[in-house]
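Undergrad: Here it is, the structure in full.
The values are calculated or read from the model by the stated rules, or taken from the named source; none is laboratory data. The structure presented is a predicted model; accordingly, all values stated were derived computationally and were not measured. Because the Cβ atoms are built from the backbone with ideal geometry, glycine has one as well, and the counts that use them run over all protein chains shown.
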Amino acid sequence: MVKNGLTRFVRANTIMAKPLLYSWTKVAPTLGVIFVSPAILTVGCTLGTMLPFWYAIATSIITGVTISLFIYLHGGVGAREHLPFTKLMEASLGASGSRFLASPLITITQIGWYSVGITLGGEAASQLTGINSYVMITAFGVAMALVTYSGFSKLSNFTKVTACLTAAFSVWSLYAVMLQQPSFVSPPYSTEGLLYAAGLAIGGATSISTVSPDFLKDARGSRDVRITSFVIIMPLILFTLISGNIMGAYTSISNPVFALVAIGLPLLANLLLLLGSCAAASSLYPPSLALANITKIQRKYATIFAAIGGLVLAYLGIVDSITYFLRFIGILLPPLIGMNLAEYYLLSKRVLTMRKGTMMAGVLAWLIGALVGFFITLGIPPINALLAGFISYYIFRRVQKRASVRIDSF
């Protein structure tokens, strides 16, 4: 009797332990697939054409470590509080500030990424099928929107498959480039070029770090956050960036698809682009949450409106303005990360208080961070903007608390 009871106890605890052991698989793939994408590969290629090879590799490593640390710290807040980014912003911007400042910024930038993804994927599908590109962009965009609409669980399962396939095609592409033995080019080194390249790489991934709480809010504990940030994200972004470094250095072409086409591999190029662009489904998830926060409708219905906006931007040709888009997100989003980090780790001591109305301290800190990122050319703009937002928010809140204490004592 005792033996049977003990057996049932051990079996029950074993069953309970399994979901905890592999619980990170519910959150990591959906975020990780974004880093195995044509967009990040393009950043790596660009570094390879701009910098001497080993400087490009070093820049990629610094970028990978920096982004993984941002995700660990910022996404970790969402994991501990089990809240999405727009809800977390209520602690530093207030409910109204989050709704009308942070949420629109996230909506615009992430819909932009979705639009870039479906444009690239649709054009690749058009090349493979011979069907009109606008028709394929629409079909691909609707397909990705349906995945996002279906919910986070199905989105996670979808991205597990596409991430593996994209990684496999990336390895194949890298092998194909090396097999062709194209000429190796080593551009001259300059400090300005290095800082610009680092800013491009870090700024391009900033929006993903900003919305990392959306993907990690369902994490089962700090272990899931560590595994996601350093065991999954860091190797993926390093693999993608360094693969791009090699492709760019050996072909002198900043676009990986064009690089593969140039060495006579158009089929492989379009297959890689099509698979990698499936990350658009993950890119659509954060704006659906942000848009739901603005309009107060259900997330799945917000997905429809976000997808329509992305299709419109695709038709208007957002890919042609990608440089300005990267500059935009690399300046306006990092201060939000800085504010959240200051509030959670220093001011609230990991016990957040959601505030009503608009926190002017947060609005001013965001504005200062954005201005610093835009006007201060020394250093890396996304890092400058984040640090400026962090420091100014901390100072404003400390002054605000001291003023409140004085008024209460008076």
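Here's the yes/no breakdown for (1) charged (D, E, K, R); (2) at pLDDT 90 or above:
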position: V177; (1), (2): no, no
position: Q180; (1), (2): no, no
position: S186; (1), (2): no, no
position: L194; (1), (2): no, no
position: A197; (1), (2): no, no
position: V211; (1), (2): no, yes
position: R223; (1), (2): yes, yes
position: P235; (1), (2): no, yes
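Undergrad: Okay, moving on. Go through the stretch 282-310 residue by residue and tally those that are crowded, with 24+ Cβ neighbours inside 10 Å and either among the aromatic types (F, W, Y) or out of contact with any helix residue (DSSP H, G or I) (no Cβ under 8 Å at 6 or more places or on another chain) (or both).
TA: 1
Undergrad: Of all the residues that make up the stretch 282-315, how many are without any contact (Cβ under 8 Å) to a residue 40 or more places away in the chain and under 20 Å from the mean Cα position of the chain (by Cα)?
TA: Residues flagged as without any contact (Cβ under 8 Å) to a residue 40 or more places away in the chain and under 20 Å from the mean Cα position of the chain (by Cα) within the stretch 282-315 amount to 3.
Undergrad: Can you tell me how many residues in the stretch 342-359 are free of Cβ contacts under 8 Å to residues at least 24 places away in the same chain and not basic (K, R)?
TA: The initial filter retains those residues of the stretch 342-359 that are free of Cβ contacts under 8 Å to residues at least 24 places away in the same chain, namely 349, 351.
Subsequent filtering for residues that are not basic (K, R) retains 351.
Qualifying residue count for the region: 1.
Undergrad: Which ones in the stretch 33-67 are among the hydrophobic types (A, V, I, L, M, F, W, C) and within 14 Å of S252 (Cβ to Cβ)?
TA: The answer is C45, L47, M50, L51, F53, A56.
Undergrad: Shifting gears a bit: Residue by residue through the stretch 367-378, note down the ones that are buried (at least 17 other Cβ atoms within 10 Å of the Cβ) and free of Cβ contacts under 8 Å to residues at least 24 places away in the same chain. Show your work before the answer.
TA: To start, the set of residues in the stretch 367-378 that are buried (at least 17 other Cβ atoms within 10 Å of the Cβ) comprises 368-370, 372-373.
Selection gives V372 alone.
Undergrad: From A79, A95, A124, A102, which residue is over 24 Å from G309 (Cβ atoms), out of contact with any strand residue (DSSP E or B) (no Cβ under 9 Å at 6 or more places or on another chain) and in a helix (DSSP H, G or I)?
TA: Checking each option against the conditions leaves just A79.
Undergrad: From (1) surrounded by 22 or more Cβ atoms within 10 Å (Cβ to Cβ); (2) in contact with a Phe, Trp or Tyr (Cβ under 8 Å, 6 or more places away or on another chain); (3) within 29 Å of Y393 (Cβ to Cβ), pick out the condition that doesn't hold for M144.
TA: Exception for M144: condition (3).
Undergrad: Look at R327 and say whether it is under 22 Å from V36 (Cα atoms), surrounded by fewer than 20 Cβ atoms within 10 Å (Cβ to Cβ) and not aliphatic (A, V, I, L, M).
TA: Considered against the rule, which asks whether it is under 22 Å from V36 (Cα atoms), surrounded by fewer than 20 Cβ atoms within 10 Å (Cβ to Cβ) and not aliphatic (A, V, I, L, M), R327 comes out as yes.
Undergrad: Taking the stretch 80-108 on its own, how many of its residues are within 20 Å of the chain's Cα centre (by Cα), among the polar types (S, T, N, Q) and surrounded by fewer than 23 Cβ atoms within 10 Å (Cβ to Cβ)?
TA: Here the count works out to 0.
Undergrad: Sticking with this one: Which of the residues that make up the stretch 196-246 are acidic (D, E) and either part of a helix (DSSP H, G or I) or on the phi > 0 side of the Ramachandran plot (or both)?
TA: From the stretch 196-246, those acidic (D, E) are 214, 218, 224; that's our starting set.
Of everything in the stretch 196-246, those that are acidic (D, E) and either part of a helix (DSSP H, G or I) or on the phi > 0 side of the Ramachandran plot (or both) turn out to be D214, D224.
Undergrad: In the stretch 385-397, is there at least one residue being in contact (Cβ under 8 Å) with a residue 12 or more places away in the chain, farther than 24 Å from T148 by Cβ and touching a Ser or Thr at 6+ places or on another chain (Cβ under 7 Å)?
TA: Keep residues of the stretch 385-397 that are in contact (Cβ under 8 Å) with a residue 12 or more places away in the chain, which gives 385-394, 396-397.
Add one more test, that the residue is farther than 24 Å from T148 by Cβ, and what stays is 385-394, 396-397.
Of the ones still in play, those that are also touching a Ser or Thr at 6+ places or on another chain (Cβ under 7 Å) are 393.
Yes, that holds for at least one residue.
Undergrad: Only residues that are within 13 Å of A198 (Cα to Cα) and without any contact (Cβ under 8 Å) to a residue 12 or more places away in the chain: list them for the stretch 43-97, please.
TA: Across the stretch 43-97, the qualifying residue is only A58.
Undergrad: Would you mind telling me which numbered condition in (1) modelled with pLDDT of 90 or more; (2) closer than 27 Å to V177 by Cβ I294 fails?
TA: In the conditions (1) modelled with pLDDT of 90 or more; (2) closer than 27 Å to V177 by Cβ, I294 misses (2) alone.
Undergrad: Just need a number here: residues in the stretch 258-281 that are under 15 Å from Q180 (Cβ atoms) and either under 21 Å from the mean Cα position of the chain (by Cα) or crowded, with 24+ Cβ neighbours inside 10 Å (or both).
TA: So the count comes out to 3.
Undergrad: Pairs only if they're at least six apart or on different chains, beta carbon under 8 angstrom, first in the stretch 175-186 and outside any helix (DSSP H, G or I), second hydrophobic (A, V, I, L, M, F, W, C) and modelled with pLDDT under 75; list them, first residue then second.
TA: Once the first residue is outside any helix (DSSP H, G or I) and sits in the stretch 175-186, its partners that are hydrophobic (A, V, I, L, M, F, W, C) and modelled with pLDDT under 75 give P182/I263.
Residue-by-condition table, conditions (1) touching a Pro at 6+ places or on another chain (Cβ under 8 Å); (2) surrounded by 17 or more Cβ atoms within 10 Å (Cβ to Cβ); (3) of a type outside the set (A, V, I, L, M); (4) modelled with pLDDT of 95 or more:
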position: R350; (1), (2), (3), (4): no, no, yes, no
position: G357; (1), (2), (3), (4): no, no, yes, no
position: A365; (1), (2), (3), (4): yes, yes, no, yes
position: I380; (1), (2), (3), (4): no, yes, no, no
position: G389; (1), (2), (3), (4): yes, yes, yes, yes
position: Y394; (1), (2), (3), (4): no, yes, yes, yes
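Undergrad: Go through the stretch 320-372 and count every residue that is of a type in the set (D, E) and under 26 Å from Y114 (Cβ atoms).
TA: 1
Undergrad: Another question about this same structure. Please determine whether any residue of the stretch 343-362 is farther than 18 Å from M89 by Cβ and of a type outside the set (F, W, Y).
TA: So far as the stretch 343-362 goes, yes, one or more of its residues are farther than 18 Å from M89 by Cβ and of a type outside the set (F, W, Y).
Per-residue answers, yes or no, for (1) in contact with a Gly (Cβ under 6 Å, 6 or more places away or on another chain); (2) within 14 Å of I208 (Cα to Cα); (3) at pLDDT below 90:
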site	(1), (2), (3)
P52	no, no, yes
I62	no, no, yes
E81	no, no, no
P84	no, yes, no
S96	yes, no, no
L101	no, no, no
T107	no, yes, no
Q110	no, yes, no
